[in-house]
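The values are calculated or read from the model by the stated rules, or taken from the named source; none is laboratory data. Note that the structure is predicted; figures quoted are calculated from it, not measured. Cβ coordinates were reconstructed from backbone atoms using ideal geometry, including for glycine residues, and neighbour counts include every protein chain displayed. Keep in mind that these areas ignore ligands, DNA and RNA; they rest on the heavy atoms of the full protein, side chains included. Shrake-Rupley method; radii C 1.70, N 1.55, O 1.52, S 1.80 Å.
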Amino acid sequence: MAIMVPPLGLLQFKPYSYALLLLIVMSRGSSLGSPPLRAEANDVDDTNDTPTSTIPTFTLANNMTVPMIGLGGCSGVRYKAFKSAIDLGYKFIDTAQSHSWGYHEEEVGQALYEAKRRYQDNIDDFVFTQTKIHPQDLGYYSTKKAIELSLERLQVTSLDSVLIHKPRCWGDICSHEPEGTWEDSWKALEEAVDMGLVRSIGICDVDNQLLDKLLQKRIAPMVIQNWFDPFHQDKAFRRRIESINKAQDRSGTVEKKILYQGYSTLGNQWKLQDYRDNPVMTSRLLLAIAKEHDVSIPEVVIQWATRRGVMVLPASKNPSHQLSNLKSYAFTLTEEEMKSIDALDGKPPKKLRREKDTNEVDIHFTNHSDGPMDVFWVDSNEGHVHVGSIPKPGETLSLTSYHGHSFVFKKSGSDGGSVLNRHIVDKAYGSTQNHQIEDKSEEL
């Protein structure tokens, strides 16, 4: 996992194709108390849809109904943001086990526990929570341990949904070789469903070849999460999912239905493709449509995506943005506007590609202390900006920074004290650097 800490005090993140974005342009938000849900808005093809002023829903293969918009938990979203989303009426939170990818699963658990909005608190009024297992924990026994970890962090007796975050390791996204494969993990997930420990299972980054294998499993995937935005619409794969779901509708069943979720729906993934700016948030077409309805670009994209049958999970730390995201159904895009957004697929503006800064340094920090640590970038005002965590000794956090940037390493959970070590980036040591971070607290 690579993170970019940019110059001039503006946080953005490194263009690695496998990385998840942290602390970059946060998605817009919204919610009106406990927003109304309408019966079904799933399986919408690209030409036939019905706009709605309420939040559309999807009925999973286990007969649980979920809203088509939730709060994404990456990008450094923390406890206060989860609490505000719950208070505003969000019914779905997406998180994951990986601290180094900007997730804080345990803080989701704390917010839900305090609000008494877990499934075990009230099955008629709870916040559906989805977590994901890191690919370095692929394998039968590793996945069983990962499930136990999520149960503990989320403070629950059972999990609403568990996804495999990536079907394999590549590059440096894994700090160690996994015990087994995604298929070994799937067997463990199926058994967890049998035992009542998990209600829904799924996987991210799925193509047709992988889907062929998944559909042969004893329990088929209930959720698939792929990259989706106006410039990357995954149309062929989505049509296959829609075909499966429509066949279920015709038979009057839901047991094999698949919820298609989009990640990076507001375009953050393009930062990982060497784009200087986010083409979704700077699109002239989307801006014009937003102005026509007196709304934001995120509201336009959210309505368009969900009307096309895609569940969206925008991350936001700002309560007003969380609220506005839920208001994405208070207006109606015209069919012409919907089709004009459809036409953006595969046409991101090439002129936005960024050039690599000569002062960039790819850094890999390895935890050589005796416990978990948090990593903070020191900004121009000497403020500490959390950019990731290294939960276990021997694990590594990878990021892209710049010559002269300063970092502070603290024991996980500490606010102002318990500084373990400090580091200042020096390009003289090369454009790629590896640093072992030891506990030097007694020397500081």
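Charged side chains reduced to their Cβ positions (Lys and Arg at +1, Asp and Glu at -1) give region 220-362 a dipole of some 320 debye around its Cα centre.
Once each of the GluC sites (Glu not before Pro) sitting in a DSSP loop with at most 16 other beta-carbon atoms within 10 Å is removed, the chain keeps 41-178 as its longest stretch.
Per residue, the chain exposes 41 Å² of accessible surface when a 1.4 Å probe is rolled over the protein heavy atoms with every protein chain present.
What's log10 of I(q)/I(0) for region 48-124 at q = 0.18, 0.21, 0.26 Å⁻¹, Debye sum over Cα points only, no solvent? Values, matching the q order: -0.81, -1.02, -1.26. All C-alpha pair distances within region 81-202, sorted into 10 Å bins from zero, spread as 14, 46, 30, 10, 0 percent across the bins. Between ASP379 and ARG422, the distance separating the two model label sites (each 7 Å from Cα on the Cα→Cβ line) works out to 1.9 nm.
Fully extending the segment from ALA288 to THR334 would add 15.2 nm, taking 0.36 nm per residue of separation and subtracting the current Cα-Cα distance. Bridgeable aspartates and glutamates around LYS144 (alpha carbons under 16 Å apart, same-chain partners fewer than 8 residues away excluded): GLU152, ASP160, GLU179, GLU183, ASP184, GLU190, GLU191, ASP194.
Given a 1.4 Å probe and every protein chain left where it sits, what share in percent of the accessible area of the chain is carbon and sulfur?
Values: 8830 of 18160 Å².
That share works out to 49 percent.
With bins 10 Å wide beginning at 0, the percent of Cα pairs of the chain falling in each bin runs 4, 21, 32, 27, 12, 2, 0. Viscosity 0.890 mPa s, temperature 25 °C: Stokes-Einstein D of region 368-410 from its Kirkwood Cα radius, in µm² per second? Roughly 221 µm²/s, to the nearest whole number.
Share of Cα-Cα pairs in region 157-259 beyond 21 Å, in percent? For region 157-259, the share of Cα pairs beyond 21 Å comes to 40 percent. Using a Gaussian network model of the chain in which every pair of alpha carbons under 10 angstrom is joined by a spring, one finds that among ASP137, ASP172, ASP212 the greatest mean-square fluctuation is at ASP212. Derived scalar couplings between HN and Hα for region 204-217 equal 9, 6, 9, 10, 5, 5, 5, 4, 3, 6, 5, 5, 8, 6 Hz in order, rounded to whole Hz, by the Karplus curve 6.51 cos²θ - 1.76 cosθ + 1.60 (θ = phi - 60°), x for Gly and Pro.
Straight-line reach from LYS235: which lysines have a Cα under 25 Å away, not including same-chain ones fewer than 8 places off? Output for LYS235: LYS132, LYS166, LYS213, LYS217, LYS246, LYS256, LYS257, LYS271, LYS339, LYS347, LYS350, LYS351. Extents of region 277-353, largest first, come to 33, 29, 24 Å (Cα atoms, principal axes, whole angstrom). Only alpha carbons enter this Debye calculation for region 202-297, each as an equal point scatterer, and the log10 of I(q)/I(0) it gives at q = 0.15, 0.17, 0.18, 0.23 Å⁻¹ is -0.71, -0.83, -0.87, -1.11.
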